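Below is one structure; the comments refer to it alone.
The values are calculated or read from the model by the stated rules, or taken from the named source; none is laboratory data. Small disclaimer: the values here were computed from a predicted structure and weren't measured. With ideal geometry, Cβ positions are generated from the backbone for all residues, glycine too; neighbour counts draw on all protein chains shown. Calculation scope for accessible area: heavy atoms of the full protein, side chains included, ligands and nucleic acids excluded. Shrake-Rupley method; radii C 1.70, N 1.55, O 1.52, S 1.80 Å.
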Amino acid sequence: RRDGARAESLARHERDRLDRRKLAGDRRWREDGTFSGFVSGDQVILTSWDDSAEYHVVRVSDGEEVFSADGYPRGVCQGVIYSVDAGDLIATSASSGEELWDEPLGDESAAACGDSGVFVIDDGDVRSLDPGSSDKRWSKHVKGASSIWTADGVVVVHGDDIVGLDAGDGEKIWSVDG
């Protein structure tokens, strides 16, 4: 009897284990290659690590490609993908793939976007751009500017020093020796 009870217990344990695996989900789709990316809503934006300089927008639910476009994505904000390609910042609709605008940047450029807007480093100048038109809202020189991030109404720029700028007007809020 013990052997029968033990066998039944093991079988029940195996059924439970398989049920838990089903809850964890079966593979729905797969994309071959080496990619990095990020998720935005029901889409994942995949950047290929080859020399193609393009990205792919894929629906999370079924793995279908929505569109692909040239460039290296830097962020998705309010339904717009911001990517850099050949010295230009390109705004593309995340839902349709339609290019909304293209803003020329210098050789030493970087970009970030957030709830406060779109921000770029263009040869040492930090610029705030209107997300709808790419019109310049403000500009501030930050010595040695090379990297940029934005959160909570602050644009953080890494240059010779690390500087926090007000996203609304570009005024320096704080600075830390670099």
- Query: So how many residues does region 104-129 have that are more than 21 Å from SER40 (Cβ to Cβ) and either free of Cβ contacts under 8 Å to residues at least 40 places away in the same chain or in contact with a helix residue (DSSP H, G or I) (Cβ under 9 Å, 6 or more places away or on another chain) (or both)?
  - Reply: 12
- Does region 37-57 include one or more residues that are modelled with pLDDT of 80 or more and on the phi > 0 side of the Ramachandran plot? yes
- What single numbered condition from (1) within 26 Å of SER175 (Cα to Cα); (2) out of contact with any Lys or Arg (no Cβ under 7 Å at 6 or more places or on another chain) fails to hold for ASP130? (2)
- Take the residues of region 104-129 that are of a type in the set (D, E, K, R) and at pLDDT 90 or above: which is nearest to the chain's Cα centre (by Cα)? ARG127
- Message: Just checking, does region 58-75 include any residue being in contact (Cβ under 8 Å) with a residue 24 or more places away in the chain, within 17 Å of the chain's Cα centre (by Cα) and farther than 17 Å from GLY37 by Cα?
- Response: no
- All positions within region 147-178 that are open to solvent by 10 Å² or more (accessible area, probe 1.4 Å) and not in a strand (DSSP E or B): ASP152, GLY153, GLY159, ASP160, GLY168, ASP169, GLU171, GLY178
- Considering residues that are assigned to a strand (DSSP E or B) and either acidic (Asp, Glu) or surrounded by 13 or more Cβ atoms within 10 Å (Cβ to Cβ) (or both), the number found within region 96-120 is 15
- Query: Restricting the first residue to region 88-99 and requiring it to be closer than 14 Å to GLU65 by Cα, which pairs with a second residue that is among the small types (Gly, Ala, Ser) meet a Cβ separation below 7 Å and a spacing of at least six or different chains?
  - Reply: ALA94/SER40; ALA94/GLY79; SER95/GLY79; GLY97/ALA69
- For LYS143, all conditions in the list (1) in a strand (DSSP E or B); (2) charged (D, E, K, R); (3) touching an Asp or Glu at 6+ places or on another chain (Cβ under 8 Å); (4) closer than 23 Å to GLY178 by Cα hold save one; what is the number of the exception? (1)
- Item | Residue check for SER175: within 28 Å of ASP70 (Cβ to Cβ) and among the hydroxyl-bearing types (Ser, Thr, Tyr) | no
